[in-house]
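Okay, so here's the structure we're looking at.
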Amino acid sequence: MNSIPPLIADLALILVVAGAVTLLFKKLKQPLVLGYIVAGFLVSPNMPLTMSVVDKSDIHTWADIGVLFLLFSLGLDFSIKKILKMGAAPVIAAVTIIFAMMALGSGVGYAFGWTKMDCIFLGGMLAMSSTTTIYKAFNDMGLSQQKFASSVMSVLIREDILAIVMMVMLSAIAGGGTLSGGQMLQSIMKIVFFLVLWFVVGLYLVPSFLRLVRGLINDETLLIVSLGLCCLMAVVSTKVGFSSAFGAFVMGSILAETIEAERIIKLVEPVKNLFGAIFFVSVGMLVEPKILVEYVLPIGVLVLTILIGQAVFGSVGFLLSGQTLKNAMRCGFSMAQIGEFAFIIASLGLSLGVIGDFLYPVVVAVSVVTTFLTPYMIRAAVPCYDRLIRIIPRRWLRRVEHSTAGTPETSETKANWSSLIRGMFFTTLIYGILSAAVIAVMFNFALPPLRLLSTSLTGSHWAGNAVCGVLTLLLIAPFLRAIIMKKNHSEEAKALWTENHLNRYPLLFTMLVRTVIASAFVFYIVTYLTRFSAGLIIALVVAVITVMVLSRGIKKRSITLERRFVRNLQSRDVAARVHGDRRPLFEQHLLDRDIHIGLFTIPEDSEWAGKSLKDLKFRNRFGVHVSSIIRGVQRINIPTGSSVLFPNDKIQVIGDDEQLSNFGKSMNAEIYKEDPNIEKHDMKLRQLVLSGNSQFIGKTLSESGIRDKYNCMVVGVEEGQEKLTMISPSRKLCKGDILWVVGEDDALAKLIENA
């Protein structure tokens, strides 16, 4: 019983060494990730001069958990609305860089004679820049507030999202052993199908569940529930052929839309840091000095490939996204390194057994070198730009700068058509996937037992088919109705319909196409479950579609489902507006353009604290209106004149720029000044013995004026007991009473003098 399991001993060694090394790296202002890698190298069997871990398999299991939580935390930072609202420019830059670097990295691998899978995974690793390294470099160099830095971070967000998709694609390629176009298309369609299904179902169920149990959840249970959902989605993801990390990312993105998202991020952060540290330590454990010496030439070539490739293709990508040549080069040069996702992709390749053992330490070495070179690459961007503009012809430079100037906005008609078609497409896609998922579930799980029951009761399975068909149609009816009717009465459709008679035929055609798509689902169900003739099937399909369109009950169900989904999708934004973290929506609709909303916090020492709005007379003094008072979890909308302000209250004030400016200046000016003689206000406890000639004899405590006149307070009377006796305000004071009084020095001195 005196021995401990090897896992605990290994964890103790890892965490102690990692803590010491990271403290050193913190002192040297280097990324902590590199510190973890160095710590892993020190505790690995490859370092004979130091203690090493006993059981590497357990450490790798914990590292896999670390990858899970890293991707889960990444999903919490990327809400689905951010993904859907991605602008075209960062996407163009990210896609250009990723595909170019993947091709370049794969080409380098082929040049060294490595296997096809090694080359493919190497390309994926080299395509991913390090968000952590770049963010730290910008902060250290004082560049984080510059325009090009925000462009870089925006592209890095897109790269991280695309990296998740890349991991799924690499898993599919590794499983199939081929890179055919058909398999690639099938994998993409599979990703889209399950992404839409999980997000839609998840955003409908998860926020509703958390809202239902909100009164029962504290920080502990919220952490357990969040991690449980993360692990559950990881299991589901592996069951359908994706990686567990992909499922963790999806669940993180779903939880990011809930009101509890901020709490979850704070609660998960320590867990992520712990297991993430173990993961990066496990990365360092795979570094073998012999391999580094043997592959020193490929390491050097890969470093040059990243530096030159990112500088060239990164600049081209940002140039295509609309950046000026100078900013494009500063952005491209900033991304010349690889980081966290390269290790995750390498771990994926090792776990699938499709890459060589040499590739992991090679990539780690390349990452370390490029990370140290990142600040120098950032500084080199401007000198390279200055030299480039002196070399290239002026007309080329003018053409490049002109191409990034942007294009004029489309007309209103084109904008309406674009918005309408885009809305119809996504509506059809989402509800179509939901309908397909319901049909698949019903036919695989509900139909077999219904057929067995029908056969046992009637001797035929046709009754079971009929019941399954009716239930399936009832379940998908709101979705099919939405496919047909959604967007038909939108503002864009109405504008196009009334604007030009020629627009009506295309609008009618869109209705026809969506009706055919909805009919196809019904047709498939009927033909799968029946043996009717073609004419009867067509008639039945037409009847079902007509009932779906005309039924008020189905319409109500469709609207209810959509409203709940939209409510869940917008719940985090609504909560942020309620708590004053975001501006209210009505601000956009204020008639006067000069009028807007300002958010102010009442200072702790404000003279306004404790006063009502009526007494403060904000409207008369500044011409502004207080629309809301936010106090902790409370929100007082349209406060009355009797509403009192308290310190740290957040107030939303409506006015123009000058009015709000004057309001803010007065709020910060009208505060209680710090007392220079603060020590005089220190409270003391004194004993007061009432003599026979005391003016307080025969008076009650309230009549004595000790509190009102002398600003002191009697806390008790001594009656020969260990504890003081509380004294009633109506008790008459007598000779010999021993009173214990609290007050300031001056007040006590005056009281004792006049007692």
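No lab work stands behind these numbers, since they all come straight from the coordinates. Just so we're clear, the structure is a prediction, and the values are computed from it rather than from any experiment. Note that we place each Cβ from the backbone using ideal geometry, even for glycine, and neighbour counts take in every protein chain shown.
Values as computed for the structure displayed
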item	result
Percentage of interatomic Cα-Cα distances in the range 586-669 larger than 21 Å	23 percent
Simple Cβ-charge dipole of the chain, Lys/Arg +1 and Asp/Glu -1, about Cα centre, in debye nearest 20	2600 debye
Protection-proxy order for peptides 670-682, 197-209, 415-427, each taking the mean of Cβ atoms within 10 Å per residue, highest first	197-209, 415-427, 670-682
The range 6-382, relative contact order [Cα under 8 Å, separation at least 6], %	30 percent
Label-zone membership for the range 704-736, site V742, 7 angstrom Cα→C-beta point, backbone N under 11 Å	713-716
Inter-site label distance for V236 and S728 at 7 Å from Cα along Cβ, in nm	6.8 nm
Spacing of the two label points (7 Å from each Cα toward its C-beta) at N637 and K735, in nm	7.0 nm
Rh (Kirkwood; distinct C-alpha pairs) - the range 474-535, Å	13.4 Å
Nearest-0.05 FRET efficiency for A446 and V542, computed from C-beta distance (R0 22 Å)	0.30
Space enclosed by the convex hull of the alpha-carbon atoms of the range 634-741, per residue, Å³	203 Å³
Taking N as its residue count, the alpha carbon Rg of the range 182-286 over 2.2 N^0.38 Å	1.22
Calculated on alpha-carbon atoms, Rg and Dmax of the chain in Å	35.2, 118
Compactness of the range 682-754, expressed as Rg and Dmax over alpha-carbon positions, Å	11.3, 31
Estimated FRET transfer efficiency when R0 is 45 angstrom, pair M47-R564 (beta carbons, to 0.05)	0.20
Trypsin sites (Lys or Arg not before Pro) lying in DSSP loop within the range 272-364, provided at most 16 other Cβ fall within 10 Å	none
About the Cα centre, charge dipole magnitude for the range 586-669 (Lys/Arg +1, Asp/Glu -1 at Cβ), debye	300 debye
Label-reachable residues, the range 616-643, where backbone N falls under 17 Å from a point 7 Å from N662's Cα toward its Cβ	616-626
Space enclosed by the convex hull of the alpha-carbon atoms of the range 6-382, per residue, Å³	141 Å³
Spatially proximal lysines relative to K750 (Cα-Cα < 23 Å; intrachain offsets below 8 disregarded)	K680, K684, K699, K709, K732, K735
Virtual spin-label span in nm between V91 and Q146, 7 Å along Cα→Cβ	2.9 nm
Calculated on alpha-carbon atoms, Rg and Dmax of the range 412-563 in Å	18.0, 63
Relative contact order %, the chain, counting alpha carbon pairs below 8 Å whose residues are six or more apart	11 percent
Mean Cβ count within 10 Å, highest first, over the residues of peptides 688-696, 67-75	67-75, 688-696
